[in-house]
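A short write-up of the structure that comes next.
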Amino acid sequence: MSTALSERRTIPVGSTHQVSALLDRPPAARALLVLAHGAGAGMTHPSLQALAAGLTERGIATLRYQFPYMEHGGRRPDPPALCQATVRSAVAEASRLAPDLPLFAGGRSFGGRMTSEAQAHSPLPRVRGLVLLAFPLHPADRPGSERGAHLSKLTLPLLFIQGTRDTLAQVDLLDALVARLGARASLHWLQGADHSFQVLARSGRTAADVREEYLGVLGRWIERVAGAGVAAGAGAAAAAGAGAGPATGTTHE
């Protein structure tokens, strides 16, 4: 029986930095998600390990990676420009490692925000959609939507997965933001979950229940968007082929 490939990589970021990465690719993978960690925990945190393992079971590869400050054991995140450069380097590495797979990018909390800001600044090559897990819309106890202003510049599909008890994303504010983004944005609320997707014991649900819920939502969304991209590409190729014959007067057998 085939097993998933798990491989440690090193990714250069410009000429002055390099960061560690972990590629998990199942046999017959159908897509690859480039996955950034949150501000306070690196790529080997149990939550990201469980996420990668769950996606592997669903036929989706992941490339997890560190930001430079985390690589060096720091606690204070790097400046946004360096974080965004790291996102770009990770996406480029994923494209090189898996040129056959549809690419997605995103991350938890800070990592998702840096990925979306990188995309807003300049599109990430080959990326078909962004995954934003526990998006930090505002600081705790300071509700606002300013951190989501850049999302209006994005044109590709977006998936938000958020806990209803998340103190960094007030429900009505995130609902309103997603509504403004229109059909390209999808939002799934995890009832009773906090910023770490943990639930209270009295909810009657466990962390494993919540994990299965968001893994199912994420896996189905990636498959749908990847499939739509394949269909669109096939349709464009067919249209181009249909138009090419009469224009050139040439047929091919």
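The values are calculated or read from the model by the stated rules, or taken from the named source; none is laboratory data. Keep in mind that what you see is a predicted model, and the values were worked out from it rather than measured. Neighbour counts run over all protein chains shown; Cβ positions are idealised from the backbone, glycine included. Quick note on the areas: whole protein, heavy atoms, side chains included, nothing else; ligands and nucleic acids left out. Shrake-Rupley method; radii C 1.70, N 1.55, O 1.52, S 1.80 Å.
A few remarks follow.
- Residues in the range 27-45 that are within 18 Å of the chain's Cα centre (by Cα) and either aliphatic (A, V, I, L, M) or under 12 Å from residue 60 (Cβ atoms) (or both): 29, 30, 31, 32, 33, 34, 35, 36, 39, 41, 43.
- Flag for residue 8 being charged (D, E, K, R), under 19 Å from residue 133 (Cα atoms) and more than 14 Å from the chain's Cα centre (by Cα): no
- Per-region count, the range 87-106, residues surrounded by 24 or more Cβ atoms within 10 Å (Cβ to Cβ) and either hydroxyl-bearing (Ser, Thr, Tyr) or on the phi > 0 side of the Ramachandran plot (or both): 1
- Listed by first and then second residue, the pairs linking a residue in the range 148-166 that is closer than 13 Å to residue 132 by Cα to a residue that is among the acidic types (Asp, Glu) and assigned to a loop (DSSP other than H, G, I, E, B), with Cβ atoms under 6 Å apart and 6 or more places separating them unless they lie on different chains, are 163/194.
- Cross-chain or 6+ apart pairs with Cβ under 6 Å, the range 88-102 first and part of a helix (DSSP H, G or I), then modelled with pLDDT of 95 or more and open to solvent by 20 Å² or more (accessible area, probe 1.4 Å): 95/126
- Residues of the range 1-33 classified as modelled with pLDDT of 95 or more and acidic (Asp, Glu), total: 1
- Odd one out for residue 141 among (1) closer than 16 Å to residue 113 by Cβ; (2) open to solvent by 10 Å² or more (accessible area, probe 1.4 Å): (1)
- For the range 2-32, filtering for residues that are outside any strand (DSSP E or B), loosely packed, with under 13 Cβ neighbours inside 10 Å and either touching a Leu at 6+ places or on another chain (Cβ under 9 Å) or on the phi > 0 side of the Ramachandran plot (or both) leaves 3.
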